[in-house]
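The values are calculated or read from the model by the stated rules, or taken from the named source; none is laboratory data. None of the values given here were measured: they were computed from a predicted structure. Please note: Cβ atoms are built from the backbone with ideal geometry, for glycine as well, and neighbour counts cover all protein chains shown.
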Amino acid sequence: MTPNMCSHLCFRPTEKFSLFANLGILTVPEDYVHSSQLMSFQKKHRIEFEGYNCDITDLNFQNPSCVLSPGDRFLVRAHRQVISSTTTSDECLEFLATLNSHYTGAQGASLVFEQKRDQLPKDFRYLSLDVKDRLWEDPRGDHRIPTVVAGVHGEFYFFLDCLEDTREDFQIVLSFCDVPQI
């Protein structure tokens, strides 16, 4: 057995990740419309991105596991891989399940950019994961993960990672959890 194989077998999901950044409360705006969020977002913010994947559309990402509604509130946190080997998307999803995280798709990623971009540590990719059946499948058969990239010089990209690829430590997993009741 190779060392990389052992690392996948020897760690529980909660031991592979640690809190990287607590982004605080994200509130879905009162004027939010799920069916047109990504089109509205692109019109409003496209100029602010160094790169923007034109496949991030309302049609391609219409069915996330958690459809957002105006007034919804989430505690958003970023989690970084802390082991030296790569992880799979399934392992990331297993970790998010331990947090009871909601999968908000491209719409959640767009709101993180709108409300939390100044809090994102630079030189990392922030993935808004979802289960395979809810992600857009590109013409090659790859399932695509909406990703906000915060560049080292303050530039941003709205990108699509591939679910089937392994994850590296510069790919940060976003969690969208219920706001704790006081």
Check whether at least one residue in the range 102-120 is in a loop (DSSP other than H, G, I, E, B), among the small types (G, A, S), under 21 Å from Y32 (Cα atoms) and at pLDDT 95 or above, and report yes or no.
no
For E94, state whether it is in contact with a Pro (Cβ under 7 Å, 6 or more places away or on another chain), surrounded by fewer than 17 Cβ atoms within 10 Å (Cβ to Cβ) and assigned to a helix (DSSP H, G or I).
yes
Residue list for the range 60-89, filter: at pLDDT 95 or above, more than 14 Å from the chain's Cα centre (by Cα) and not polar (S, T, N, Q):
V67, L68, P70, G71, D72, R73
For the range 1-59, give me every one of the helices (runs of 4 or more DSSP H) that falls completely inside it and has 2 or more residues that are surrounded by 12 or more Cβ atoms within 10 Å (Cβ to Cβ), in contact with an Asp or Glu (Cβ under 6 Å, 6 or more places away or on another chain) and modelled with pLDDT of 95 or more.
37-45
Specify which of the listed residues (D178, D133) is surrounded by fewer than 16 Cβ atoms within 10 Å (Cβ to Cβ), within 24 Å of G24 (Cβ to Cβ), at pLDDT 95 or above and not aliphatic (A, V, I, L, M).
D178
Of the candidates V148, V82, the one satisfying the condition of being among the β-branched types (V, I, T) and closer than 23 Å to E50 by Cβ is V148
